[in-house]
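Since every read-out is calculated from the coordinates, none of them should be taken as a lab result. None of the values given here were measured: they were computed from a predicted structure. Cβ: placed from backbone, ideal geometry, glycine included. Neighbour counts: every protein chain shown.
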C-alpha cells in the first residue's frame, strides 16, 4: 500500500490547494452523475463540467507542487495526501444529492470560482494568471448553466420548487466558511498571489441574490454554524470520497496506463 506524502503547509501552497482541491472534489461529485442525470443532455453537460474542473485542479496542483519544492506532482497531490492535507471548502464534499441540490451547489461554487479567476488573472504568479485566463471562460459557462436550472426548478412545479427550497436550506449553512478570513488568505493578498476569499463575499452575494430572485427563492438567514474544510478539518463524507479516489493509486503504487 502506497504511503501518504508529507505536505509542506506553507501559506502559498495552501492557498493554491484550497482552490485546486475545491475544483477536484466537486469534479468527483459531478462525475457521479455520469449515467444518472435526468436527461441525456445533462448527463453530458455534468460530465463535461467535471472534466473542466478536473483540468483546473490539475493545473493548480501542478503549480502548488512546483512552489512546494518537494517534487510532488499533480497525481501525488491528488491521490496521496491524508485527509487533513486537503483544503477544499466543505460544501463540495457533501453527497451528490438530487438534481436540484447539485445544480444549486454548482451555481454557488461556479459564482465563487468565476470571481476568483477574474482576480487571479492579475496574480503576481504568472503561471497562476495563465491558468485563470483559461479557467474563467469555463467558470462563466458553469455559472450560467447552473443558474438557468436554479431558475427553471425554483420557478417550476410545486415538486421542483420544494426540492430547490430544501437544497437551499441545506447548502446555505456552508456559505460562511467560503468567506472566512485567515492567515493563508492574508499572506496571498499581501504577496499578490491572489485575493482573500473574504473580499468576494459582497459580489458573490449580489450575483446569487439575482439568481434566487429570478427563481422566486430567498436566501436563508446566515447560520452560526461554521464548517472547516478549508483548514483541513472535514465532514464525515470526505473519507468516503478519498477512499474511492485513492484506491488504485495506493493499491498499485507507480501504476501507469
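Among the residues of segment 177-219, the ones that are out of contact with any helix residue (DSSP H, G or I) (no Cβ under 9 Å at 6 or more places or on another chain), outside any loop (DSSP other than H, G, I, E, B) and either buried (at least 17 other Cβ atoms within 10 Å of the Cβ) or touching a residue at least 40 places away in the same chain (Cβ under 8 Å) (or both) come to 0 in all.
Only residues that are in a helix (DSSP H, G or I) and either surrounded by fewer than 23 Cβ atoms within 10 Å (Cβ to Cβ) or in contact (Cβ under 8 Å) with a residue 40 or more places away in the chain (or both) were counted in segment 118-135, giving 12.
Within segment 56-71, the residues that satisfy the criterion of being more than 13 Å from residue 17 (Cα to Cα) and either buried (at least 18 other Cβ atoms within 10 Å of the Cβ) or in contact (Cβ under 8 Å) with a residue 60 or more places away in the chain (or both) are 69, 70.
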